[in-house]
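Every number in this text was worked out from the coordinates using simple rules, so none of it is lab data. Every value quoted in this text rests on a predicted model; they were computed, and no experiment measured them. Ideal geometry is used to build each Cβ from the backbone, glycine not excepted, and the neighbour counts take in all protein chains shown.
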């Protein structure tokens with residue numbers, strides 16, 4: 001019974017690999033050595049108990065050894081404590097295998113400082129199954145053979161570790177499919193490497209998608225009248241999200257958008273090219289956003305002129321409109337471009353608008369003020 005419980009708990013975490021299950025024991029009481037070692041490291045034990053208390057019942061555990069490994073890489077005490085509080089499973093990883101893991105990561109990571117930063121953000125990616133080391137090594141070699149920037153490879157390993165844990169052949173098939181699609185759509189050979197790097201950097205999970213999905217989606221969009229050049233533009237601007245879609249969902253979204261806007265097929269294609277994100281928003285979200293904008297007095301022609309405003313949630317749009325209104329800017333008569341972008345982009349646009357409105361007019365006949 002205890003072994004069944006231990007197996008069930010371990011399956012909840014794919015990264016527990018210090019020992020095979022038949023050599024790892026689970027106790028109904030906490031492993032006091034682990035608890036005391038975590039206390040000594042100032043780890044938030046209550047947080048561990050609340051989120052992943054099962055780790056404290058495992059034996060053996062290598063808390064001190066894992067902490068020493070991180071310390072050797074330059075991690076400070078507070079950083080080690082944060083890592084182990086968020087990902088306590090790390091203490092179940094065999095130290096020797098973690099040394100191998102460190103060497104693998106250092107083959108693409110420029111220095112220990114950056115590696116510690118990655119581990120702090122993505123601890124589960126570093127403290128992963130030791131049985132995947134061969135796959136990781138082969139995948140690193142493969143991506144290096146593509147002459148990809150080491151930082152891109154590191155980012156892939158951190159944000160999409162599953163793509164490095166699986167056999168390299170699966171990644172080779174997907175990368176080949178992406179390269180082939182790029183070439184068939186008229187992409188220039190000289191630009192393929194930066195294009196691939198950008199796509200993988202912006203959407204690392206594209207590697208985990210079935211290659212046939214990409215082709216099905218491109219064929220669907222071609223049937224909708226998009227030219228070869230436009231398809232290449234979409235494939236680049238969608239940052240790989242074209243693999244997240246399917247013909248049925250895109251068909252529903254395009255039909256809804258066309259009916260709501262009241263435009264032709266050609267006009268709809270132009271709108272999609274301005275705002276590729278329109279392809280992957282479901283009808284319910286688009287309906288809410290259209291209604292929110294129209295309810296604020298914005299015209300449909302304004303929306304189609306700046307469709308990227310549909311990428312913003314109704315709450316964000318409402319908040320920004322109110323701030324602009326307080327400064328005397330009426331979105332009903334002005335451009336919606338000022339609403340667009342990230343919070344930082346909006347603040348910059350808002351600031352420029354504010355300066356433009358508050359700057360006093362120059363009076364050429366007013367006496368100059370000079371210091372005595």
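I'd like the orientation of helix 2-11 relative to the chain: the angle between its Cα long axis and the longest Cα principal axis, in ° from 0 to 90, rounded to 10.
Its long axis makes an angle of about 30 degrees.
For the pair residue 188 and residue 259, how long in nm is the line joining their label points, each one 7 Å along Cα→Cβ?
About 4.4 nm, to one decimal.
State, to one decimal in nm, how far the label point of residue 68 lies from the label point of residue 343, with both points 7 Å from Cα in the Cβ direction.
So the two model labels end up 4.3 nm from each other.
Can you tell me the FRET efficiency between residue 205 and residue 42 if r is taken as the Cβ-Cβ distance and R0 is 35 Å, rounded to the nearest 0.05? Before the final figure, lay out each step's value.
Values: r = 35 Å, r/R0 = 0.99.
That gives a FRET efficiency of 0.50.
What nm value, rounded to one decimal, do you get for the distance between residue 33 and residue 322 when each label is placed 7 Å out toward the C-beta?
5.8
Got a sec? How would 94, 72 order by Cβ neighbour count within 10 Å, fewest to most?
Working: 94 17, 72 11.
Least to most surrounded, the residues fall as 72, 94.
Over the stretch 246-354, what is the relative contact order in percent, taking alpha-carbon pairs closer than 8 angstrom and at least six residues apart? Show your work: numbers first, answer last.
Numbers: 83 pairs, mean separation 24.1, N = 109.
Reported relative contact order: 22 percent.
Suppose R0 equals 25 Å; then what is the FRET efficiency for residue 121 and residue 277 from their Cβ-Cβ distance, rounded to the nearest 0.05?
Working: r = 26 Å, r/R0 = 1.03.
Once rounded, the FRET efficiency stands at 0.45.
Using a Gaussian network model of the chain with C-alpha springs under 10 Å, which one of 352, 47, 274 is most mobile by mean-square fluctuation?
Largest GNM mean-square fluctuation: 352.
With r defined as the distance between the Cβ atoms of residue 172 and residue 219 and R0 fixed at 25 Å, what FRET efficiency is calculated, to the nearest 0.05? Spell out each step's value before the answer.
Numbers: r = 23 Å, r/R0 = 0.91.
FRET efficiency, residue 172 to residue 219: 0.65.
May I ask you to sort 319, 280, 62 by Cβ crowding, counting other Cβ atoms within 10 Å and putting the fewest first? Kindly include the intermediate steps, with their values, before the conclusion.
Numbers: 319 13, 280 16, 62 20.
Fewest-to-most Cβ neighbours within 10 Å comes out as 319, 280, 62.
What percent does the relative contact order of the chain come to when contacts are Cα pairs within less than 8 Å and at least six residues apart?
Numbers: 369 pairs, mean separation 34.1, N = 372.
Contact order relative to length: 9 percent.
How many angstrom lie between the C-alpha centres of the stretch 213-235 and the stretch 173-208?
Cα centres, the stretch 213-235 to the stretch 173-208: 15 Å.
Restricting to Cα pairs below 8 Å that are 6+ residues apart, what does the relative contact order work out to for the stretch 252-306? Please round to a whole percent.
Details: 25 pairs, mean separation 22.4, N = 55.
Relative contact order here is 41 percent.
Of 133, 176, how do they rank once you tally other Cβ atoms within 10 Å and put the fewest first?
Details: 133 17, 176 11.
Fewest to most other Cβ atoms nearby, the residues stand as 176, 133.
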